[in-house]
1. Considering only residues that are more than 10 Å from every other protein chain (Cβ to nearest Cβ) and hydrophobic (A, V, I, L, M, F, W, C), look in segment A:33-62 and name the one that is surrounded by the most Cβ atoms within 10 Å (Cβ to Cβ).
2. Of all residues in segment B:92-113, how many are facing another protein chain (nearest Cβ under 9 Å) and over 19 Å from B:PHE64 (Cβ atoms)?
3. Within the group A:SER83, A:SER87, A:SER69, which residue is out of contact with any helix residue (DSSP H, G or I) (no Cβ under 7 Å at 6 or more places or on another chain), of a type in the set (S, T, N, Q) and crowded, with 16+ Cβ neighbours inside 10 Å?
4. Select from segment A:1-20 the residues that are of a type in the set (S, T, N, Q) and over 12 Å from the mean Cα position of the chain (by Cα) and list them in ascending order.
5. Looking at (1) surrounded by 18 or more Cβ atoms within 10 Å (Cβ to Cβ); (2) away from chain A (no Cβ under 11 Å), which one does B:GLN56 not meet, given that it meets all the others?
6. What is the one condition in (1) of a type in the set (S, T, N, Q); (2) more than 13 Å from chain A (Cβ to nearest Cβ); (3) surrounded by fewer than 19 Cβ atoms within 10 Å (Cβ to Cβ); (4) farther than 20 Å from A:LEU45 by Cα that B:THR27 does not satisfy?
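FYI, it's all coordinate maths here, none of it is from the lab. Remember, it's a predicted structure, so these values are computed and weren't measured experimentally. So basically every Cβ, Gly included, is an ideal-geometry build from the backbone, and we count neighbours across all protein chains shown.
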Amino acid sequence: DAGITQSPRHKVTETGTPVTLRCHQTENHRYMYWYRQDPGHGLRLIHYSYGVKDTDKGEVSDGYSVSRSKTEDFLLTLESATSSQTSVYFCAISTGTGRVTEAFFGQGTRLTVV
Amino acid sequence: AQTVTQSQPEMSVQEAETVTLSCTYDTSESDYYLFWYKQPPSRQMILVIRQEAYKQQNATENRFSVNFQKAAKSFSLKISDSQLGDAAMYFCAYQDVTDKLIFGTGTRLQVFP
């Protein structure tokens, strides 16, 4: 599993509250990603990071922000949770080293916004 | 922007038979990677097979092989001798030199005994 840990694994929160999901890796990989998975949509990229304090938006970034102050941690924040953000969230890392690249995923976080 | 399309939401196959899952992608890059990932009910994402765009030879991993057509931007997955444990969601994914990793919408594969 390339030492990826997501926390929490499950969360129920109320509409309008801020929520932060944490992704922690133990192997100092440079590239980290946050996805959401919804039926019929597959995995959609929210934000990704290619280094400490280097982040970029994915295709569904509205309502989400990220931070990466250390190589090992990539935080996803829902600034004001809405019911449309109910989803399963996956963190991934990519080895991304030249010609050898493979993505490893965390176990996912099921978030329910009520 | 790069896109990945899986046009088959669901597929089914009889045990021991062969099934092919389709994937097309759109990119203006010439150097990139393509992947097939498997997601069983446990939600774990498992890499099935990887193809480097600069390699003309199709990748093979045991019962799994791909048909990579670079000019047509097509990347299909063939599963031979299907087993009950192959039942899962299968995602096609694209990654280029920026390391942005883009997924298709997935194909749910059912395997019948």
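1. A:TRP34
2. Selection size over segment B:92-113: 6.
3. Working: A:SER83 fails: crowded, with 16+ Cβ neighbours inside 10 Å; A:SER69 fails: crowded, with 16+ Cβ neighbours inside 10 Å.
Only one candidate qualifies: A:SER87.
4. A:THR13, A:THR15, A:THR17
5. The failed condition is (1).
6. (4)
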